[in-house]
Amino acid sequence: MGLLTEQDVGTVVPVRGPLPEGVLGEVRIHQEIYQRRPDVRGVIRSMPRDVMTLSSASRVPQARHGMGCYFHQGVALWDDVQLIRSQEQAVGVAEALGPRAAIAMRGNGAVVAAESLQQALVLTWYLEDAARIELDMLRAGLSQTPVIGEEAARSRATNSGRIFERMWEYLCHADPEFNDSFLDFES
């Protein structure tokens, strides 16, 4: 994204139907998630460093700290190193994601799905932080310590206090394309 300029024009991709010319095959993952999840209005595919490290070992971050609690349903794992280039693969990833917020793809990054693009971006950042904590726990020999239980994690994963809005503002600080219209978390 850092190579895009304000003059670059994006490509509109339909939720259903063939991909436009020049669009990467993995965009099918987005289509399949949107078709299956009416609650999702923002999907981000990224390649965060620590998520990549864990997924390369067929592991995903656990709920071990506050930000990890936003994945109280767990982070799914697509345990296949192949790039997602076919419809069948995209369907598999979307089905493996299920109702969860995130799926790590073995050695190929992650996909995060949320109620808005803003929430998806914040959750992507939280996912990478959860992976950092998981790797730190592994390095310290503490990976067998208990994780935060699903009920406690669900309770901790609050939206109050402008949690998502404040992190969005932090992540977008000094971005020339940022404007206040992006702060509408309901649209």
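Data table
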| read-out | value |
| --- | --- |
| Loop-located trypsin sites (Lys or Arg not before Pro) in the stretch 111-166 whose Cβ has at most 13 other Cβ within 10 Å (DSSP) | Arg162 |
| Cβ-based charge dipole, the stretch 27-178, positive-most Cα from Phe71, His30, Val147 | Val147 |
| Value of relative contact order over the chain, rounded to a whole percent, pairs C-alpha under 8 Å and six or more apart | 26 |
| Two-site label geometry, Asp136 and Thr5: point separation in nm, points 7 Å out along Cα→Cβ | 4.0 |
| Calculated [θ] (222 nm, deg cm²/dmol) that DSSP helices of n ≥ 4 give over the chain, each run adding -39,500 (n - 2.57) | -11500 deg cm²/dmol |
| Euclidean distance of C-alpha centroids, the stretch 25-67 and the stretch 135-171, integer Å | 16 |
| Inverse mean reciprocal Cα-Cα distance (Kirkwood Rh) of the stretch 33-187, Å | 16.0 |
| Cα lying deepest toward the dipole's positive end in the stretch 27-178, options Ile44, Asn108, Leu121, charges on Cβ | Asn108 |
| Long-range HN-HN contacts of Gly42 with modeled amide H, under 5 Å | Ala114, Ser116 |
| Within a Gaussian network of the chain (alpha carbon springs, distance under 10 Å), most fluctuating of Gln82, Gln118, Gln73 | Gln82 |
| Size of charge dipole - the chain - debye, nearest 20, with Cβ of Lys, Arg +1 and Asp, Glu -1, no other charges | 600 |
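Where a number appears in this text, it was derived from the coordinates with a stated rule and is not lab data. Since we're looking at a predicted model, the values are computed, not measured. Ideal geometry is used to build each Cβ from the backbone, glycine not excepted, and the neighbour counts take in all protein chains shown.
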